[in-house]
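Q: Handing you a structure now.
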Amino acid sequence: MRKIVLSNEEIQKICKRIGEQLSTRYRFNELPPIIIGVMKGAIPFLVDLVNNMDIPLLIDYIQIGSYNGTESTGTVIIKKDVSLDIQNRDIVIVEDIIDSGISMNFLIDYFNKKYSPKSIITVSLLDKKCNRKIRFDVDYAGFEVENYFLLGYGLDYNDLGRNTNYVFIPDKEEIAEWDRINALSNKK
(Lines give C-alpha, C1' and ligand atoms only; values in the text may rest on other atoms or scores of the structure.)
Protein backbone atom coordinates (compact mmCIF):
# COMPACT_ATOMS: atom_id res chain seq x y z
CA MET A 1 0.00 0.00 0.00
CA ARG A 2 1.36 3.43 -0.93
CA LYS A 3 2.42 5.77 1.85
CA ILE A 4 1.62 9.48 1.42
CA VAL A 5 4.63 11.70 2.16
CA LEU A 6 3.07 15.08 1.27
CA SER A 7 -0.65 15.68 0.78
CA ASN A 8 -1.89 18.18 -1.80
CA GLU A 9 -2.94 20.49 1.04
CA GLU A 10 0.62 20.44 2.44
CA ILE A 11 2.05 21.04 -1.06
CA GLN A 12 -0.21 24.06 -1.57
CA LYS A 13 0.95 25.54 1.76
CA ILE A 14 4.57 25.12 0.63
CA CYS A 15 3.80 26.79 -2.73
CA LYS A 16 2.14 29.70 -0.95
CA ARG A 17 5.03 30.15 1.52
CA ILE A 18 7.80 30.01 -1.11
CA GLY A 19 5.76 32.04 -3.64
CA GLU A 20 5.36 34.82 -1.08
CA GLN A 21 9.07 34.69 -0.18
CA LEU A 22 10.10 34.96 -3.85
CA SER A 23 7.62 37.79 -4.44
CA THR A 24 9.15 39.70 -1.52
CA ARG A 25 12.67 39.02 -2.76
CA TYR A 26 12.01 40.29 -6.31
CA ARG A 27 9.26 42.88 -5.70
CA PHE A 28 11.40 45.91 -6.47
CA ASN A 29 13.49 44.45 -9.31
CA GLU A 30 13.77 46.62 -12.39
CA LEU A 31 13.41 43.50 -14.59
CA PRO A 32 11.19 40.55 -13.66
CA PRO A 33 12.92 37.34 -12.60
CA ILE A 34 12.96 34.41 -15.00
CA ILE A 35 11.53 31.27 -13.43
CA ILE A 36 13.10 28.19 -15.04
CA GLY A 37 11.41 24.85 -14.47
CA VAL A 38 13.47 21.67 -14.76
CA MET A 39 11.31 19.43 -16.91
CA LYS A 40 9.46 17.25 -16.72
CA GLY A 41 9.13 16.77 -13.00
CA ALA A 42 8.89 20.42 -11.98
CA ILE A 43 5.75 21.17 -14.05
CA PRO A 44 3.12 20.82 -11.27
CA PHE A 45 5.27 22.60 -8.68
CA LEU A 46 6.21 25.41 -11.09
CA VAL A 47 2.56 26.08 -11.96
CA ASP A 48 1.39 26.14 -8.33
CA LEU A 49 4.43 28.17 -7.24
CA VAL A 50 4.00 30.97 -9.80
CA ASN A 51 0.26 31.08 -9.08
CA ASN A 52 1.32 32.19 -5.60
CA MET A 53 3.65 34.94 -6.83
CA ASP A 54 2.11 38.40 -7.21
CA ILE A 55 4.93 40.06 -9.17
CA PRO A 56 5.78 40.28 -12.88
CA LEU A 57 7.82 37.25 -13.96
CA LEU A 58 8.82 35.27 -17.02
CA ILE A 59 8.69 31.48 -17.31
CA ASP A 60 11.01 29.19 -19.24
CA TYR A 61 12.19 25.63 -18.89
CA ILE A 62 15.12 23.35 -19.42
CA GLN A 63 14.95 19.60 -19.79
CA ILE A 64 17.73 17.41 -18.49
CA GLY A 65 18.14 13.69 -17.95
CA SER A 66 20.01 11.74 -15.30
CA TYR A 67 17.74 8.88 -14.16
CA ASN A 68 17.14 5.34 -15.35
CA GLY A 69 14.14 3.88 -13.49
CA THR A 70 14.71 4.49 -9.77
CA GLU A 71 18.47 5.15 -9.98
CA SER A 72 20.46 8.24 -10.89
CA THR A 73 23.05 7.55 -13.58
CA GLY A 74 25.33 10.29 -12.23
CA THR A 75 25.58 11.78 -15.72
CA VAL A 76 23.51 14.84 -16.66
CA ILE A 77 22.57 15.63 -20.24
CA ILE A 78 20.61 18.59 -21.63
CA LYS A 79 17.64 17.50 -23.72
CA LYS A 80 16.17 21.00 -24.25
CA ASP A 81 17.80 24.32 -23.39
CA VAL A 82 16.14 27.56 -22.25
CA SER A 83 14.68 29.79 -24.96
CA LEU A 84 14.73 33.19 -23.22
CA ASP A 85 17.78 35.42 -22.99
CA ILE A 86 18.87 34.96 -19.37
CA GLN A 87 22.16 36.86 -19.62
CA ASN A 88 22.49 39.36 -16.77
CA ARG A 89 19.03 38.41 -15.43
CA ASP A 90 17.91 37.06 -12.06
CA ILE A 91 16.93 33.43 -12.59
CA VAL A 92 15.11 31.03 -10.30
CA ILE A 93 15.66 27.33 -11.02
CA VAL A 94 12.62 25.31 -9.92
CA GLU A 95 13.05 21.58 -9.32
CA ASP A 96 10.74 18.87 -7.99
CA ILE A 97 13.41 17.22 -5.83
CA ILE A 98 17.08 17.77 -5.10
CA ASP A 99 18.63 14.41 -4.41
CA SER A 100 22.36 13.85 -5.00
CA GLY A 101 22.88 17.53 -5.87
CA ILE A 102 24.64 16.55 -9.11
CA SER A 103 21.92 17.81 -11.49
CA MET A 104 21.44 21.15 -9.74
CA ASN A 105 25.19 21.71 -9.46
CA PHE A 106 25.48 20.92 -13.17
CA LEU A 107 22.72 23.40 -14.05
CA ILE A 108 24.19 26.23 -12.01
CA ASP A 109 27.60 25.67 -13.58
CA TYR A 110 26.07 25.39 -17.06
CA PHE A 111 24.01 28.60 -16.72
CA ASN A 112 26.93 30.56 -15.27
CA LYS A 113 29.35 29.48 -18.00
CA LYS A 114 26.99 29.73 -20.99
CA TYR A 115 24.71 32.66 -20.06
CA SER A 116 26.26 34.67 -17.19
CA PRO A 117 23.01 35.46 -15.35
CA LYS A 118 22.95 38.25 -12.76
CA SER A 119 21.97 35.79 -10.02
CA ILE A 120 20.77 32.21 -9.59
CA ILE A 121 18.36 31.09 -6.87
CA THR A 122 17.33 27.45 -6.42
CA VAL A 123 13.90 26.26 -5.32
CA SER A 124 12.84 22.67 -4.74
CA LEU A 125 9.64 21.15 -3.43
CA LEU A 126 11.56 18.25 -1.88
CA ASP A 127 15.07 18.19 -0.44
CA LYS A 128 16.71 14.79 0.04
CA LYS A 129 19.79 16.03 1.94
CA CYS A 130 20.58 12.55 3.23
CA ASN A 131 21.41 11.42 -0.32
CA ARG A 132 23.83 14.22 -1.33
CA LYS A 133 26.84 13.10 -3.29
CA ILE A 134 28.18 16.66 -3.49
CA ARG A 135 27.74 19.59 -1.14
CA PHE A 136 24.73 21.62 -2.18
CA ASP A 137 22.27 23.77 -0.24
CA VAL A 138 18.99 24.72 -1.88
CA ASP A 139 17.95 28.35 -1.35
CA TYR A 140 14.22 27.61 -0.87
CA ALA A 141 13.25 24.06 0.07
CA GLY A 142 9.69 22.96 0.65
CA PHE A 143 10.09 19.77 2.65
CA GLU A 144 13.03 17.58 3.66
CA VAL A 145 12.56 13.86 2.93
CA GLU A 146 14.36 10.67 3.86
CA ASN A 147 15.99 8.35 1.32
CA TYR A 148 12.89 6.78 -0.21
CA PHE A 149 11.94 6.48 -3.86
CA LEU A 150 9.09 8.98 -4.28
CA LEU A 151 6.38 9.42 -6.90
CA GLY A 152 3.58 11.82 -7.69
CA TYR A 153 3.19 15.56 -8.23
CA GLY A 154 5.73 15.47 -11.07
CA LEU A 155 7.97 12.73 -9.69
CA ASP A 156 8.02 9.68 -11.94
CA TYR A 157 9.09 6.12 -12.56
CA ASN A 158 10.13 5.86 -16.23
CA ASP A 159 7.74 8.77 -16.98
CA LEU A 160 4.77 7.14 -15.19
CA GLY A 161 3.13 8.35 -11.97
CA ARG A 162 3.65 12.11 -12.40
CA ASN A 163 -0.07 12.91 -12.48
CA THR A 164 -0.94 12.30 -8.82
CA ASN A 165 -1.59 15.53 -6.88
CA TYR A 166 0.36 14.34 -3.82
CA VAL A 167 3.78 12.75 -3.17
CA PHE A 168 3.93 9.11 -2.12
CA ILE A 169 6.17 6.07 -1.69
CA PRO A 170 4.98 3.46 -4.21
CA ASP A 171 4.59 -0.16 -3.21
CA LYS A 172 6.24 -3.09 -5.02
CA GLU A 173 3.02 -4.01 -6.83
CA GLU A 174 2.73 -0.52 -8.37
CA ILE A 175 6.33 -0.64 -9.58
CA ALA A 176 5.75 -4.11 -11.04
CA GLU A 177 2.62 -2.88 -12.86
CA TRP A 178 4.46 0.12 -14.29
CA ASP A 179 7.29 -2.19 -15.43
CA ARG A 180 4.64 -4.27 -17.23
CA ILE A 181 3.16 -1.13 -18.85
CA ASN A 182 6.63 0.06 -19.94
CA ALA A 183 7.43 -3.34 -21.41
CA LEU A 184 4.19 -3.24 -23.45
CA SER A 185 4.85 0.35 -24.53
CA ASN A 186 8.38 -0.46 -25.67
CA LYS A 187 7.15 -3.33 -27.88
CA LYS A 188 5.24 -0.93 -30.11
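The values are calculated or read from the model by the stated rules, or taken from the named source; none is laboratory data. Fair warning: this is a prediction, and the values are worked out from it, not measured in the lab. Here the Cβ positions follow ideal geometry from the backbone for every residue, glycine too, while neighbour counts run over all protein chains shown. Remember, those area values only see protein heavy atoms, side chains included, never the ligands or the DNA or RNA. Shrake-Rupley method; radii C 1.70, N 1.55, O 1.52, S 1.80 Å.
Q: Among the listed residues 143, 136, 149, which satisfies the condition of being of a type in the set (A, V, I, L, M, F, W, C), closer than 15 Å to residue 96 by Cβ and either in contact with a helix residue (DSSP H, G or I) (Cβ under 7 Å, 6 or more places away or on another chain) or assigned to a strand (DSSP E or B) (or both)?
A: Only one candidate qualifies: 143.
Q: Something else now. Residue check: is residue 119 touching an Asp or Glu at 6+ places or on another chain (Cβ under 7 Å) and surrounded by 19 or more Cβ atoms within 10 Å (Cβ to Cβ)?
A: No; evaluated as a whole, the condition is false for this residue.
Q: Here's something else I'd like to know. So, residue 77, is that one over 28 Å from residue 52 (Cβ atoms), of a type in the set (A, V, I, L, M), surrounded by fewer than 19 Cβ atoms within 10 Å (Cβ to Cβ) and in contact with a strand residue (DSSP E or B) (Cβ under 8 Å, 6 or more places away or on another chain) or not?
A: So residue 77 fits the description; yes.
Q: Cβ-Cβ distance below 8 Å, separation of 6 or more or different chains: which pairs start in the range 146-166 with a residue that is under 11 Å from residue 182 (Cβ atoms) and surrounded by 17 or more Cβ atoms within 10 Å (Cβ to Cβ) and end on one that is modelled with pLDDT of 90 or more and of a type in the set (Phe, Trp, Tyr)?
A: 157/149
Q: Further question: Condition first: in contact with a helix residue (DSSP H, G or I) (Cβ under 7 Å, 6 or more places away or on another chain), part of a loop (DSSP other than H, G, I, E, B), under 28 Å from residue 12 (Cα atoms) and open to solvent by 20 Å² or more (accessible area, probe 1.4 Å). Can you find one or more residues in the range 88-111 that meet it?
A: Within the range 88-111 (the criterion being in contact with a helix residue (DSSP H, G or I) (Cβ under 7 Å, 6 or more places away or on another chain), part of a loop (DSSP other than H, G, I, E, B), under 28 Å from residue 12 (Cα atoms) and open to solvent by 20 Å² or more (accessible area, probe 1.4 Å)), the answer is yes, since at least one residue qualifies.
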